[in-house]
Amino acid sequence: MNPLSRRSLVRFLAASPIVARLGPAVAQAGAATGRILVGYPAGGTLDTTARQLAEAWRKQGRPYIVDNRAGAAGRVANSQLKRERPDGSALLCTHASALTIYPHVYSRLMYDPATDLVPVSPLVAATCAFAVSSAAPASVRTLQDYVAWIRRAPEQGTYASPAAGSMAHFLGYQLSEAAGLKLQHVGYRGSAPAMQDLIGGQIPAYFGFVADFLPYMQQGRIRILGVAGERRSAFMKDVPTFIEQGFAGIRGGETYGIFAPPATPEAIVRGLYESMVEASKDAALRASFAQVGLEPMTLPPQEYAGSILKERDAWGPVVRASGFRSEE
């Protein structure tokens, strides 16, 4: 009997029902390189997160590459996942907002968040924060100071976010409602241009992520008034939470997670989760996340799915009350 060539053996293993259940184990054996879909261009925080995971998996012997499918605020890549094989060879790295907030924002979502993305685990958590620029008086040091200032000068009641329809957008809406203000939202196309205008004093306030502020914290040109997490950020230990300052209803944090195609067997999903837990212990990966204000985080698949469902139900009334809807 002629021996099987390596290529023939790979094709045989890929077709095997046993290997199909193992999924990532095929990649671990070196038989194939998997793909991690990312819905944004290379260089962004989400892309970097996926690449750091791919590098940690490479060290485990699980080769994955990042496949950037930018467009429609990540919805192109999100919708592509449902067309991939449910064998662990193609995954998606996206923010949880794609499943919790987007369903209430976009009239044409292009995917079903309940069935087309199978949660595996979060990889990192990102905390939102609120800051003011030099346009605010030096006396504005707390959220209560900010509220008092806007009541005296309502024409300054404008805040920016990285994008219309983002979590930061709706956290600002919640602050406006809770404080009895009439804050006006300005949505930017990304955090970089928003931060430039904040630093330059062109906008008085900005709701964004902790990572947005870290490079500028020592410059003295912005003041961070609060973080919207359940607890203080590890990167801003001196900044109190909204909860601590009397705004208990304003809380919001993002997770960047890994998702599998629909109908992916539970055994494969569990194996991916376990490999993510192992990857999260990698010192280089943890250090790279710390540099951009991200905290490593993992949850079992069922727990992550439950958390996403709870968040989706919670954000629905907020988005509807804001009156915002995108027809994109």
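The values are calculated or read from the model by the stated rules, or taken from the named source; none is laboratory data. The model shown is predicted, which means the values in this text are computed figures rather than measured ones. Virtual Cβ from ideal backbone geometry, glycine too; neighbours counted across all protein chains shown. Heavy atoms of the whole protein, side chains included, go into the accessibility calculation; ligands, DNA and RNA do not. Shrake-Rupley method; radii C 1.70, N 1.55, O 1.52, S 1.80 Å.
What the table below lists for this structure:
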| item | result |
| --- | --- |
| All positions within the stretch 313-328 that are assigned to a helix (DSSP H, G or I) and either under 20 Å from L46 (Cα atoms) or open to solvent by 40 Å² or more (accessible area, probe 1.4 Å) (or both) | D313, A314, P317, R320, A321 |
| Criterion: small (G, A, S), at pLDDT below 85 and open to solvent by 50 Å² or more (accessible area, probe 1.4 Å) - qualifying residue of A25, A20, A42, A29 | A29 |
| Looking only at the stretch 184-210, and only at residues there that are among the hydrophobic types (A, V, I, L, M, F, W, C) and open to solvent by 10 Å² or more (accessible area, probe 1.4 Å), the one that is modelled with the lowest pLDDT | A192 |
| In the stretch 48-69, the residues that are free of Cβ contacts under 8 Å to residues at least 40 places away in the same chain and under 15 Å from the mean Cα position of the chain (by Cα) | R51 |
| S233 being among the polar types (S, T, N, Q), within 16 Å of A125 (Cβ to Cβ) and out of contact with any Leu (no Cβ under 8 Å at 6 or more places or on another chain) | yes |
| Residue list for the stretch 199-227, restricted to those being part of a strand (DSSP E or B), closer than 16 Å to H185 by Cβ and either free of Cβ contacts under 8 Å to residues at least 12 places away in the same chain or of a type in the set (A, V, I, L, M) (or both) | A205 |
| Positions within the stretch 154-175 being among the polar types (S, T, N, Q), open to solvent by 10 Å² or more (accessible area, probe 1.4 Å) and either more than 25 Å from the chain's Cα centre (by Cα) or closer than 17 Å to V319 by Cα (or both), in sequence order | Q156, S166, Q174 |
| Those residues of the stretch 228-272 which are open to solvent by 10 Å² or more (accessible area, probe 1.4 Å), at negative phi, among the hydrophobic types (A, V, I, L, M, F, W, C) and assigned to a loop (DSSP other than H, G, I, E, B), in sequence order | A234, F235, V239, I243, F247, A248 |
| Restricting the stretch 53-71 to residues that are closer than 9 Å to G39 by Cβ and either among the β-branched types (V, I, T) or in a loop (DSSP other than H, G, I, E, B) (or both), the residue that is least open to solvent (accessible area, probe 1.4 Å) | G71 |
| Residue list for the stretch 275-305, filter: assigned to a helix (DSSP H, G or I) and either β-branched (V, I, T) or open to solvent by 40 Å² or more (accessible area, probe 1.4 Å) (or both) | V277, E278, A283, A284, R286, A287, A290, Q291, Q302, E303 |
| Which numbered condition R108 misses (of (1) in contact with an Asp or Glu (Cβ under 6 Å, 6 or more places away or on another chain); (2) at pLDDT below 95) | (1) |
| Residue among G249, G316 that alone is touching a His at 6+ places or on another chain (Cβ under 6 Å) and touching a residue at least 12 places away in the same chain (Cβ under 8 Å) | G316 |
